[in-house]
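A short write-up of the structure that comes next.
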Amino acid sequence: MRGDYNWTYDNQMLFAQDDKSRDKRLLSVLDVNTLTVKTILSEGKAEVRILNKNRLTPDVITISMNKRDSANFDVYRLNIRTGELKTYLVNPGNITDFLVDADANIRLVKSTDNIDETILYRPDDNTPFRPIIKNNFRNSVRMVAFNGVRNNFYALSNVGRDKTAFVEINAENGREERVIYETKNVDIQRADYSKMKSRLEFVGWEDGKPQRHFFNNDTKKLYQELSDLVDGYEVNITDRDIAENRFIIQTFTDRSRGAIYLYERKEKRLTKLVDNSTIDPELLCEKTNSLH
């Protein structure tokens with residue numbers, strides 16, 4: 001079973017999973033208070049990715065799904081109470097990534113012709129997308145989140161530099177406004193942004209082992225709490241509830257795919273949801289930084 005867990009705005013947990021007995025992929029919702037589970041979407045073998053939830057319309061989430069064409073993901077609005085599914089954006093066949101703003105609108109997309117990539121922007125749903133950044137196969141810009149400053153967004157970019165850095169870009173013209181964080185030796189590989197608190201959490205990279213630079217002490221403290229609970233495993237927070245007391249976390253090592261847990265911070269309680277490990281990690285060698 002493959003698990004993908006997200007919180008709604010009213011204390012429900014969304015999770016996608018494979019139902020191998022019926023050869024289907026399901027999107028279900030768990031009511032945390034009653035512990036009842038309801039399947040809200042079953043579209044055969046179509047893969048579902050949850051893009052965003054919106055505080056203004058808590059019952060409606062934005063998802064992408066390859067229901068129409070297995071090679072391409074379209075964007076839909078899904079009512080998690082009624083199961084109503086509405087098409088929002090049809091992929092013409094070359095879009096590989098979408099960026100959703102705070103109001104759950106798609107304002108940035110990335111397209112490719114299998115060689116070069118283009119990032120396109122629109123200020124609203126009624127305006128056509130227009131290209132703002134074009135890159136060849138040597139350059140890359142990976143969209144992270146709109147940051148609430150004008151129409152600026154955060155991204156991981158190696159344009160004009162040797163290593164990938166975490167930067168802020170103006171979506172109106174595609175120009176890089178500033179470098180937020182970079183290292184001399186390796187690429188920045190990940191950046192986490194809290195949409196609930198509208199703030200940067202951390203950037204991450206690998207330099208022999210996973211490294212992080214935290215942008216606030218609260219996030220640093222939370223990750224330290226989790227690391228202490230899963231000693232020896234790396235930790236990623238994949239989602240959280242509104243009160244930021246319940247967290248979905250994923251653990252892993254260089255020898256294990258780890259597991260997915262529910263962490264209740266006030267209670268300091270960790271509950272395993274899915275075990276992703278299929279091989280005993282003791283049978284595998286540890287990663288080394290050099291060959292001997």
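Inside segment 146-190, residues that are among the aromatic types (Phe, Trp, Tyr) and either in contact (Cβ under 8 Å) with a residue 60 or more places away in the chain or out of contact with any Asp or Glu (no Cβ under 8 Å at 6 or more places or on another chain) (or both) make up a count of 1. Which of the strands (runs of 3 or more DSSP E) contained wholly in segment 67-137 include at least 3 residues that are touching a residue at least 12 places away in the same chain (Cβ under 8 Å) and closer than 29 Å to residue 158 by Cα? By residue number, 72-79, 95-100, 106-112, 117-121, 130-135. Which one is surrounded by the most Cβ atoms within 10 Å (Cβ to Cβ), of the residues in segment 188-208 that are of a type in the set (A, V, I, L, M, F, W, C) and not in a loop (DSSP other than H, G, I, E, B)? The qualifying residue surrounded by the most Cβ atoms within 10 Å (Cβ to Cβ) is 203.
For (1) open to solvent by 20 Å² or more (accessible area, probe 1.4 Å); (2) basic (Lys, Arg); (3) closer than 21 Å to residue 213 by Cβ, each residue gets a yes or a no:
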| residue | (1), (2), (3) |
| --- | --- |
| 134 | yes, yes, no |
| 158 | yes, no, yes |
| 161 | yes, yes, yes |
| 168 | no, no, yes |
| 180 | yes, no, yes |
| 183 | yes, no, yes |
| 186 | yes, no, yes |
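Scanning segment 221-277 for residues that are charged (D, E, K, R), part of a loop (DSSP other than H, G, I, E, B) and either closer than 22 Å to residue 211 by Cβ or at pLDDT 90 or above (or both) yields 231, 254, 255, 257, 265, 266, 267, 268. The numbered conditions (1) under 24 Å from residue 129 (Cα atoms); (2) touching a Ser or Thr at 6+ places or on another chain (Cβ under 8 Å) are all true for residue 165 except (1). Scanning segment 106-116 for residues that are buried (at least 19 other Cβ atoms within 10 Å of the Cβ) and farther than 14 Å from residue 72 by Cα gives 106, 107, 108. Tell me whether segment 71-94 contains one or more residues that are at positive phi, open to solvent by 30 Å² or more (accessible area, probe 1.4 Å) and not hydroxyl-bearing (Ser, Thr, Tyr). Yes, the conditions are met somewhere in segment 71-94.
Suppose the filter is closer than 21 Å to residue 143 by Cα, among the polar types (S, T, N, Q) and not in a loop (DSSP other than H, G, I, E, B); does residue 62 pass it? Judged against the criteria, residue 62 is a match.
The values are calculated or read from the model by the stated rules, or taken from the named source; none is laboratory data. Everything numeric here is computed off the predicted structure, so don't read it as measured data. When we count neighbours, we look across all protein chains shown, and the Cβ atoms used for this are built from the backbone with ideal geometry, even at glycine. The protein model used for the area step is the full one, side chains on, heavy atoms only, and it has no ligands, DNA or RNA in it. Shrake-Rupley method; radii C 1.70, N 1.55, O 1.52, S 1.80 Å.
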